[in-house]
1. Taking +1 at the Cβ of each Lys and Arg and -1 at the Cβ of each Asp and Glu, which of VAL466, VAL253, SER490 sits farthest along the dipole of the chain towards its positive end, judged by Cα position relative to the Cα centre?
2. Assign unit charges at the C-beta atoms only (+1 for Lys and Arg, -1 for Asp and Glu), then state the dipole size of the range 24-96 relative to its Cα centre in Debye, rounded to the nearest 20.
3. Counting DSSP beta bridges with both partners in the chain, what percentage is antiparallel, nearest 5?
4. Taking only protein heavy atoms and a 1.4 Å probe, what accessible area per residue, in Å², does the chain have with all protein chains in place?
5. Treating only the Cβ atoms of Lys and Arg (+1) and Asp and Glu (-1) as charged, compute the dipole magnitude of the range 10-280 about its Cα centre; round to the nearest 20 debye.
6. Just going by the charge dipole of the chain, with Lys and Arg at +1 and Asp and Glu at -1 on Cβ, which of LEU16, LEU347, MET144 is farthest out on the positive end?
7. If amide H atoms are built 1.01 Å from N in the plane of the peptide, which residues on other chains or at least 5 residues away come under 5 Å of the amide H of ASP173?
8. Where does helix 430-441 land angle-wise versus the long Cα axis of the chain, in degrees 0 to 90, nearest 10?
Amino acid sequence: MTNVPSDNVLIFDTTLRDGEQSPGATMTHDEKLEIAEMLDDMGVDIIEAGFPIASEGDFAAVSEIAKRSKQATICGLSRAMVKDIDRAAEAVRHAGRPRIHTFIGTSPLHRAIPNLTMDEMADVIHNTVSHARNLVDDVQWSPMDATRTEHDYLCRVIEIAIKAGATTINIPDTVGYTAPRESADLIKMLLERVPGADEIIFATHCHNDLGMATANALAAVEAGARQIECTINGLGERAGNTALEEVVMALKVRHDIMPWKSRVDTTKIMQISRRVAQVSGFAVQFNKAIVGKNAFAHESGIHQDGMLKNAETFEIMRPEDVGLSATSLVLGKHSGRAALRDRLNQLGFEVGDNQMKDVFVRFKELADRKKEIYDDDLIALMTDGSDAENDRLQVKFLRVICGTEAPQSADLTMEIDGVDHQKTATGDGPVDATFNAIKELFPHEASLQLYQVHAVTEGTDAQATVTVRMEEDGKIVTGQSADTDTVVASAKAYVNALNNLITRREKTKPDAE
Ligand code: KIV
Ligand code: ZN
């Protein structure tokens with residue numbers, strides 16, 4: 001291999017491209033910047049920040065991520081077209097380490113779409129990879145649907161891409177079709193047969209349609225691949241991609257049988273997992289490996305007894321290794337500012353003095369309503385989307401009447417540009433009535449795409465976090481809020497989404513800079 005020590009594996013995160021591409025997982029510009037910064041800080045080697053030709057928004061996000069990047073290589077995706085490659089090059093050019101990733105479908109089914117012969121496609125590959133390589137030194141090429149491409153043709157086109165200047169060859173299992181032994185055999189075969197294969201890095205990019213993405217990626221590494229493409233929480237098209245947290249922890253926990261290291265700081269996993277779940281609106285299933293709520297929970301008596309005597313009885317990794325604190329019962333109504341700041345720092349939040357004032361007030365309000373404040377409550381508090389100083393819309397008062405008799409009604413007072421407005425509306429349930437009242441006070445054409453509620457902790461006094469996603473003219477905004485009252489959290493999340501919509505409209509006005 002050229003530039004990766006043989007005992008290292010590069011981690012290529014595509015949460016912001018393949019992950020964000022999955023229907024409904026759209027993130028805002030600021031959310032993408034935040035996730036990219038977290039990925040960079042945790043030691044991810046390459047961040048695929050987006051698909052610059054896809055939209056102005058994608059281009060802007062990739063270029064801003066490139067400008068802000070620290071250690072990570074920033075990669076932009078492009079089809080096998082000169083205009084795509086130029087756009088990707090333009091977007092990543094400010095990165096300390098820019099990469100262009102260009103791809104074309106090489107399997108018989110994919111070749112039929114542009115209706116190219118094998119020879120014609122080989123020419124396209126030569127021309128596009130050469131073009132990319134003239135723009136940047138670091139070019140990744142992918143034969144999409146590689147696992148269903150004829151081996152002879154795969155070897156031929158990979159050789160062409162290497163000769164044209166590709167430095168990484170990615171082997172996508174685009175439809176999640178392969179299995180571990182086949183995944184390993186494919187990499188082995190390519191390393192043996194393709195001239196120049198030992199000069200480049202082979203990457204593995206697996207989808208999870210048959211639930212084998214992590215196993216397939218690790219099998220490819222055993223066979224010689226030195227880059228794993230993955231996403232936080234396994235987000236991605238259909239059943240998703242290989243989960244970053246799974247491969248990274250598997251390499252760490254089973255170093256005895258998989259002796260390859262990644263640079264990822266695993267203690268940052270939980271924080272980014274929670275944030276990606278929040279901004280994408282894709283909740284993590286409770287029993288998801290590594291990051292699920294139950295991944296470290298021991299319920300049965302036998303397990304609890306064993307854990308008390310020796311944690312290793314039932315635990316192959318420590319919760320702290322993934323950034324979960326040993327205790328999650330933290331603060332209460334008598335806790336002071338210093339204790340709150342300390343706990344927030346431990347959870348990975350750097351809070352400035354001004355922000356701290358506001359957070360402390362909200363913490364005290366919460367502690368008045370809820371006796372025990374857990375880590376998850378603090379995280380919910382910190383990720384509440386509202387901004388009292390700048391929001392044009394604010395919920396001031398809400399009372400709902402609900403019960404077995406329909407319709408339910410909501411009496412809402414909302415501040416709009418500093419002036420209070422009141423409305424009573426009815427609906428099919430208290431949330432519907434509340435949303436109707438909001439819409440009457442602030443009429444708009446945006447459609448509701450997602451309304452999602454989660455209990456943050458156990459108990460009937462638990463906070464609910466609510467995510468609302470809305471769409472207007474193809475643009476997606478999300479809103480989030482948390483409250484011990486589910487209807488109040490819903491109203492605030494909806495209003496938060498509307499405030500984000502207003503900001504977005506202002507930014508995209510024709511005369512906006
Ligand atoms: O799954 C896939 O084939 C992809 C390519 C664009 C690499 O995501
Ligand atoms: Zn993919």
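The values are calculated or read from the model by the stated rules, or taken from the named source; none is laboratory data. Remember, it's a predicted structure, so these values are computed and weren't measured experimentally. We place every Cβ from the backbone using ideal geometry, glycine too, and count neighbours over all the protein chains shown. Surface accessibility is based on the protein's heavy atoms, side chains included, excluding ligands, DNA and RNA. Shrake-Rupley method; radii C 1.70, N 1.55, O 1.52, S 1.80 Å.
1. After comparing all options, I get VAL253.
2. The dipole magnitude comes to about 280 debye.
3. About 50 percent, rounded to the nearest 5.
4. Each residue of the chain exposes 45 Å² on average to a 1.4 Å probe.
5. Working: 28 positive and 40 negative charges, 71 e Å.
Dipole of the range 10-280, to the nearest 20 debye: 340 debye.
6. Final value for the positive-end residue is LEU347.
7. HN-HN under 5 Å from ASP173: HIS205, CYS206, HIS207.
8. Taking Cα atoms only, the helix is inclined about 90 degrees.
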